[in-house]
Structure formats: C-alpha cells, structure tokens
Amino acid sequence: MRKLFLFLEEVRTKLASRFLEFEDYFIVDSMPLEICKFARHRRIKICKNEFETTPSKGFCASQNNWFYGYKLHGVCSIKGIFHSLDITKAEVHDVHFLKNIKHQMSDCVLLDYIDYLSQSIQLDLFQTVNIKLETPKRTNQKDYKPQPNILRKSRKGIETLFSQLCDQFRIRNNYAKTFEGFKTRILAKITALTLVQYINKFVFDRPKNNIKNQTN
C-alpha cells in the first residue's frame with residue numbers, strides 16, 4: 001500500500017508540473033475528511049492501528065461544527081491545480097502545515113485564509129525560501145487595505161477543487177480500515193482529478209475543469 005501511495009504521488013506531481021511551470025501565485029486551505037458521524041466517534045475502531053495516525057476530533061469553522069477524522073491540507077495554483085497536499089489528524093491547526101511549505105516550494109506568493117498566523121512563520125518563509133504570505137484583513141482591522149483582484153478572486157480556485165473532489169469523486173466516501181489505505185484512496189481520487197484536468201487541457205484542448213462530463 002505504501003508503494004502504491006508513492007507511485008500515485010509521483011504520477012500526480014508529474015501531471016501537475018505541466019500546469020505549474022510558470023505559476024507564482026498559490027492558495028492554501030484545508031477541508032475536513034470525516035471517517036464517521038461525530039456522534040459515533042467514541043465507538044469507531046477503524047484507522048486506530050497506530051497512535052501517530054489515529055483519527056481525532058476537530059472543528060470546521062466554515063461549517064461551524066465538530067467532525068471526527070482527518071484534515072486535507074492543500075496548496076493549489078490560482079488556476080486550480082494542486083501543487084502539494086498533506087493529510088493530518090483533524091486536531092492539527094493549518095499553521096502547522098505552513099511550517100512544512102518551505103520544503104516543497106519557493107519564490108512565490110501564497111494566499112492563506114488562516115485566522116491566526118504568527119509573524120515568526122511569515123518572516124521565516126520569506127527569509128528562507130522567498131515565500132510572501134498574503135492574509136486577507138477584515139474591514140474593521142487595523143491597516144486594512146483592499147487586496148488586488150487576482151487575490152480576492154483566487155479563493156474560488158481551491159473551493160472549486162474541494163467541491164469537485166466531494167461531488168464528482170466522492171472523496172468523503174472512504175471505507176478503508178487503516179490509515180495507509182485511507183490516505184492512498186484519498187490520493188488516488190486527487191490524482192484522478194489531476195489526470196482529467198490534464199486530458200482536458202493537453203489532449204482535447206478544452207476547459208481543464210470540465211470535470212463533470214468526464215466522470216459521469
């Protein structure tokens with residue numbers, strides 16, 4: 001199963017590289033991956049074979065509810081192509097994913113929507129790998145400035161990806177019994193999404209996110 005995961009990730013990154021060669025604006029966000037309804041989380045036994053990868057409970061601010069399982073963290077381009085991703089316990093804050101970004105990318109602008117981000121992380125990313133973090137400010141915050149259009153509209157890119165993964169690829173329907181199986185199935189669906197985008201763009205020369213017609 002581990003070998004399959006590494007193979008899928010190699011395929012995904014090679015496909016994505018055709019889109020990302022000249023990209024320098026990216027978005028970071030996360031989405032919940034439930035393994036059961038929250039009311040059942042105390043009775044569930046799957047994915048508990050190792051403590052380090054045991055699922056946990058977390059809070060989803062956008063849906064305003066608690067969930068049990070894992071969290072998918074993703075970085076995608078403005079045009080909606082996954083650059084990198086990670087799967088963590090639900091309790092892991094998005095900030096911890098940003099700490100690992102510097103090992104995966106450099107020389108770019110990264111738009112994030114994290115409510116709290118320490119100045120030390122922003123400074124570290126800028127000084128070590130020249131990543132500039134842009135976090136939208138609320139209108140009532142000090143030093144508020146409207147963001148450029150490219151940044152204000154860019155969130156739709158990763159929201160579209162998450163919606164496609166949920167609606168067309170059923171990413172939340174995962175019946176694996178171990179974490180290795182769980183993350184491999186998640187990656188398989190993301191790789192399938194990237195493959196369809198690649199075929200649309202480079203084979204049929206049509207909008208890359210014309211996903212629904214290809215998955216029906």
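Given the conditions (1) touching a residue at least 60 places away in the same chain (Cβ under 8 Å); (2) under 16 Å from the mean Cα position of the chain (by Cα), and given that Leu15 satisfies all but one, which numbered condition is not satisfied?
(2)
Take Ile186 and tell me if it is hydrophobic (A, V, I, L, M, F, W, C) and touching a Lys or Arg at 6+ places or on another chain (Cβ under 9 Å).
Considered against the rule, which asks whether it is hydrophobic (A, V, I, L, M, F, W, C) and touching a Lys or Arg at 6+ places or on another chain (Cβ under 9 Å), Ile186 comes out as no.
Need pairs with beta-carbon distance below 9 Å; first residue in a helix (DSSP H, G or I) and within the range 22-39, second modelled with pLDDT of 90 or more; sequence gap 6+ or separate chains.
Phe38/Lys57; Phe38/Asn65; Phe38/Trp66; Phe38/Phe67; Phe38/Tyr68
Per-residue answers, yes or no, for (1) touching an Asp or Glu at 6+ places or on another chain (Cβ under 6 Å); (2) surrounded by 13 or more Cβ atoms within 10 Å (Cβ to Cβ); (3) at pLDDT below 90; (4) part of a helix (DSSP H, G or I):
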{"residue": "Leu161", "(1), (2), (3), (4)": "no, yes, yes, yes"}
{"residue": "Cys166", "(1), (2), (3), (4)": "no, yes, no, yes"}
{"residue": "Phe169", "(1), (2), (3), (4)": "no, yes, no, no"}
{"residue": "Tyr175", "(1), (2), (3), (4)": "no, no, yes, no"}
{"residue": "Gly181", "(1), (2), (3), (4)": "no, yes, no, yes"}
{"residue": "Ile190", "(1), (2), (3), (4)": "no, yes, no, yes"}
{"residue": "Leu193", "(1), (2), (3), (4)": "no, yes, no, yes"}
{"residue": "Phe202", "(1), (2), (3), (4)": "no, no, no, yes"}
{"residue": "Asn210", "(1), (2), (3), (4)": "no, yes, yes, no"}
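Looking only at residues that are under 19 Å from Ile186 (Cβ atoms) and surrounded by fewer than 20 Cβ atoms within 10 Å (Cβ to Cβ) in the range 90-102, which one is farthest from the chain's Cα centre (by Cα)?
Only one residue fits best here, namely Glu91.
Filter the range 69-104 down to the residues that are within 25 Å of Gly181 (Cβ to Cβ) and among the aliphatic types (A, V, I, L, M) and list them by number.
Leu72, Val75, Leu85, Ile87, Ala90, Val92
Step by step: first the residues of the range 118-136, then only those that are modelled with pLDDT of 80 or more and farther than 19 Å from Asp24 by Cβ, then the one that is surrounded by the most Cβ atoms within 10 Å (Cβ to Cβ). Which residue is that?
Ile121
Scan the range 17-35 for residues that are under 24 Å from Tyr70 (Cα atoms) and either touching a helix residue (DSSP H, G or I) at 6+ places or on another chain (Cβ under 6 Å) or among the basic types (Lys, Arg) (or both) and jot them down.
Within the range 17-35, Ile27, Asp29, Ser30, Met31 meet the criteria.
Please count how many residues of the range 40-78 are loosely packed, with under 14 Cβ neighbours inside 10 Å and either touching a residue at least 60 places away in the same chain (Cβ under 8 Å) or not in a strand (DSSP E or B) (or both).
Residues meeting the conditions: 14.
Which of the residues belonging to the range 12-32 are surrounded by fewer than 16 Cβ atoms within 10 Å (Cβ to Cβ) and hydrophobic (A, V, I, L, M, F, W, C)?
Phe22
Just give me the residues in the range 105-117 being surrounded by 12 or more Cβ atoms within 10 Å (Cβ to Cβ), modelled with pLDDT under 90 and within 28 Å of Glu52 (Cβ to Cβ), in sequence order.
Correct list: Leu110, Asp112, Tyr113, Ile114, Leu117.
Pick from Ile35, Ile81, Ile87: which is within 13 Å of the chain's Cα centre (by Cα), at pLDDT 90 or above and surrounded by 21 or more Cβ atoms within 10 Å (Cβ to Cβ)?
Ile81
The values are calculated or read from the model by the stated rules, or taken from the named source; none is laboratory data. Just so it is clear, the model here is predicted, and its values are computed rather than measured. Cβ coordinates were reconstructed from backbone atoms using ideal geometry, including for glycine residues, and neighbour counts include every protein chain displayed.
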